[in-house]
Amino acid sequence: MASSNESKELKINEPMPGDHGFFTPIQSPPAGSLLSMYDKSQPIPRIFEPITIRSTTFQNRIWVSPMCQYSCPKTGELTDWHLVQLGSYASRGASLTIVEATGVSPEGRNTMEDAGLWTASQVPSYRRVANFIHSQGQKAGIQLQHCGRKASVTAPWLGHQPSKKEENGFPDDLISPSDLPYKDDGIWPTPTAMTKEMIQKSIGDFVNSAKLAVEAGFDVIEIHGAHGYLIHQFCSPLTNKRTDEYGGSFDNRVRFALELVQGIRAAIPESTLLFYRISATDWIPDRDSWTPEQSVRLCQLLQPLGVDLIDVSSGGLVPDQQLPQVRPAYQAHLAQKIKDGVPGLLTGSVGMIRDGKTAEDVVASGKADVVIIAREFARNPSLVLNIAYELGVRVKWPIQLHRSQPRYHDPDI
């Protein structure tokens with residue numbers, strides 16, 4: 001006859017599946033997943049509807065944008081700071097957390113303290129971060145970049161100005177499609193105009209970094225083609241004055257970007273998602289520059305090459321840009337223009353998205369498929385959970401924090 005103890009259902013604190021190297025309780029479903037509406041008569045907000053890209057499903061549409069921290073050793077590895085910073089977002093419901101802009105070569109970084117991924121010895125530090133994000137049931141991304149003529153600066157709290165060699169700078173190593181400094185003021189260094197051999201090396205650096213990112217376990221690779229960095233410098237006529245096949249016409253100016261995307265897509269698994277961050281406009285209305293119309297044309301070429309989503313930002317190329325009034329979701333119309341101009345291509349919107357209503361308006365109106373948020377996550381790592389409560393959505397909380405969730409006496413939780 002079975003004892004009363006044997007007849008009772010066992011209660012075991014199960015671990016999260018996978019070889020994470022540490023015990024962490026199972027999160028099923030992951031934090032940030034929709035459970036129901038508090039008021040079941042209300043419709044489910046679009047940002048809490050799952051989205052599937054290739055074979056990867058994200059349980060919500062609120063993602064963490066890359067945020068430079070200037071906190072790496074000179075060798076470029078991620079540290080405990082990044083593990084804690086990025087892990088806090090993932091554990092609290094962000095379905096995708098993207099590691100900060102990561103240099104594909106030493107001279108491609110903003111500062112000597114930027115993240116970098118160009119050699120196998122750097123992979124373990126990135127794998128550690130991706131592994132923790134995965135241990136919470138969330139997805140991990142990385143943004144790959146080369147700063148071009150905007151490299152070798154000081155950290156923002158030191159003025160974000162050109163850094164000298166004695167300030168850990170590398171002003172002699174700057175490269176760009178043309179030998180035009182960011183500012184013609186005698187302070188910003190003049191970059192070396194890239195030879196065709198240098199162009200091919202840079203493409204190879206991006207491809208190599210993408211392979212290392214796959215080795216580290218990232219689900220998403222984002223190419224940083226925005227904000228006046230190297231790829232954008234090729235695309236815009238303001239910074240590309242070349243007369244060879246990489247300059248002049250639109251087709252020539254975007255050649256570098258297209259060859260780079262082709263190289264990466266061919267080098268990574270079919271299941272790995274490939275995003276492209278674009279500056280949709282230079283915000284220069286009085287002379288030939290990069291425009292939203294050209295962005296649409298570029299995206300029409302990127303889509304058949306295997307780019308899954310366009311992360312739509314703007315500006316950053318030249319210091320005399322004429323930004324509009326900065327207001328919540330001020331760049332969302334640019335994402336919509338690309339979405340409308342390239343049917344079937346997914347877009348993400350960034351910039352001054354601080355609350356649930358704004359985020360939901362952007363996605364529900366069809367301007368973008370997801371919102372990708374930086375500063376508000378930095379202010380509030382529990383942003384997904386707060387947005388859910390603001391919009392009346394009951395979501396899964398991290399089970400370790402279940403006693404802190406709103407209305408946790410609800411018998412359905």
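What the table below lists for this structure:
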{"read-out": "C-alpha center-to-center spacing [segment 162-229, segment 239-264] in angstrom", "value": "15"}
{"read-out": "Where K165, K396 fall by accessible area, highest first, once all protein chains stay in place (1.4 Å)", "value": "K165, K396"}
{"read-out": "Scattering profile of the chain at q = 0.07 Å⁻¹ [log10 I(q)/I(0), Debye over alpha-carbon scatterers]", "value": "-0.34"}
{"read-out": "Euclidean distance of C-alpha centroids, segment 362-391 and segment 27-72, integer Å", "value": "9"}
{"read-out": "Positive-pole candidate from P45, S105, L117, dipole of the chain, charges at beta carbon", "value": "P45"}
{"read-out": "Angle between the chain longest axis and helix 80-91 axis [Cα atoms, degrees, rounded to 10]", "value": "60"}
{"read-out": "Ordering of 32-38, 133-139, 215-221 by burial proxy (mean other Cβ atoms within 10 Å per residue, highest first)", "value": "133-139, 215-221, 32-38"}
{"read-out": "Electrostatic dipole magnitude of the chain [Cβ: Lys, Arg +1; Asp, Glu -1; Cα centre; debye, to 20]", "value": "600"}
{"read-out": "Surface share of carbon and sulfur [accessible, 1.4 angstrom probe, percent] for the chain", "value": "52"}
{"read-out": "Amide H contacts under 5 Å for R394, placed H, 5+ residues apart", "value": "L35, S36, M37, Y38"}
{"read-out": "Per residue value of the accessible surface for segment 203-332 (all protein chains in place, 1.4 Å probe), Å²", "value": "33"}
{"read-out": "Cβ crowding within 10 Å averaged over residues, with 154-164, 118-128, 14-24, 202-212 ranked highest first", "value": "202-212, 118-128, 154-164, 14-24"}
{"read-out": "Binned Cα-Cα distances of segment 212-258, short to long, each 10 Å bin given as a whole percent", "value": "28, 38, 21, 12, 0"}
{"read-out": "Rounded accessible area per residue of segment 349-399, 1.4 Å, Å²", "value": "36"}
{"read-out": "Within segment 3-85: Cβ-based charge dipole about Cα centre, in debye rounded to nearest 20 (Lys, Arg +1; Asp, Glu -1)", "value": "320"}
{"read-out": "Close Lys-Lys pairs in segment 117-273, where close means Cα under 29 Å and separation is 8 or more or interchain", "value": "23"}
{"read-out": "Tilt relative to the chain, helix 332-341 - C-alpha long axis, 0 to 90 degrees, to 10", "value": "80"}
{"read-out": "Relative contact order (%) - criterion: Cα under 8 Å, at least six apart; region: the chain", "value": "17"}
{"read-out": "Options S95, V220, G159, ranked by Cα towards positive dipole end of the chain, top entry (Cβ charges)", "value": "S95"}
{"read-out": "In nm, spacing of pseudo-spin labels at S88 and L258 (7 Å Cα→C-beta vector)", "value": "4.4"}
{"read-out": "Solvent exposure of segment 50-158 as accessible area per residue, Å², 1.4 Å probe", "value": "28"}
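The values are calculated or read from the model by the stated rules, or taken from the named source; none is laboratory data. These numbers were taken from a predicted model, which means no experiment stands behind them. Positions of Cβ are backbone-derived with ideal geometry, glycine not excepted, and every protein chain shown enters the neighbour counts. These accessible areas exclude ligands, DNA and RNA; they are computed on the full protein's heavy atoms, side chains included. Shrake-Rupley method; radii C 1.70, N 1.55, O 1.52, S 1.80 Å.
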